[in-house]
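Derivation of every value follows stated rules applied to the coordinates shown; laboratory data play no part. Please read all numbers here as calculations on a predicted model, not as lab measurements. Virtual Cβ from ideal backbone geometry, glycine too; neighbours counted across all protein chains shown.
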Amino acid sequence: MPDPCRCAPGQVRTANQARCGNTDARSGKTGRWPTNQARRLAAVVAHKVVNSSPCQGTKLPKRLPVEVTPLATATVHALADAVPERYRALVVLAAGTGMRQGECFGLDIDHLDLDNHSLRVEQQLVLLPYRDPFLGPPKTPASHRTIPLPQVVVDTLTRHLISSPSGTRTGSSSPTTTATLYAGPGSPARSGAQPSQP
């Protein structure tokens, strides 16, 4: 790629297209690299290293939506059979709802309404380097949602709550202690995980 401080917008556009490619444009993964380049160049302009950024006026490739292909039922059963028994319900939950990994591990028992075949996504388990796991808000405001549950998910979660000791509250009097569905020793979703501070 040409030196970004010495090239014209047309050259930046050509470099972006070469970097992203048509396949990435269709997959919706085109924005991060060009956007980061634009931010770096904006900082260069702000420090008066150059007078203007060649990224100004450059149009990025369109980010098209990605079609989600659900796993086949046989594949879900195979995955559930391959993991330790305590995590089988986790596989069925993720496959049946499309929830993110952190949302599944952060699911609180109080957010389940199995009688009405639904659950609420109110938090997620956040895993960061050099920090203990903690509970934080979902990824985006739109991630706060109510999800209908298929009967197979309801049945699987019911069996999990009956058979797994991690599906119970610890009895702590702390108002911030939660009862995540997958709490307990050996799990990243521990019963003592604390909500993040504002």
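Structure notes:
- Mean separation of Cα contacts under 8 Å, 6 or more apart, over the residue count of the stretch 73-167: relative contact order %: 26 percent
- A simple spin-label model places the labels of Asp110 and Thr140 2.8 nm from each other, with each point 7 Å out along Cα-to-Cβ.
- Contour minus Cα-Cα distance for His47 and Ser118 (0.36 nm per residue): 20.3 nm
- When the convex hull of its Cα atoms is viewed from all sides, the stretch 73-167 shows a mean projected area of 6.7 nm².
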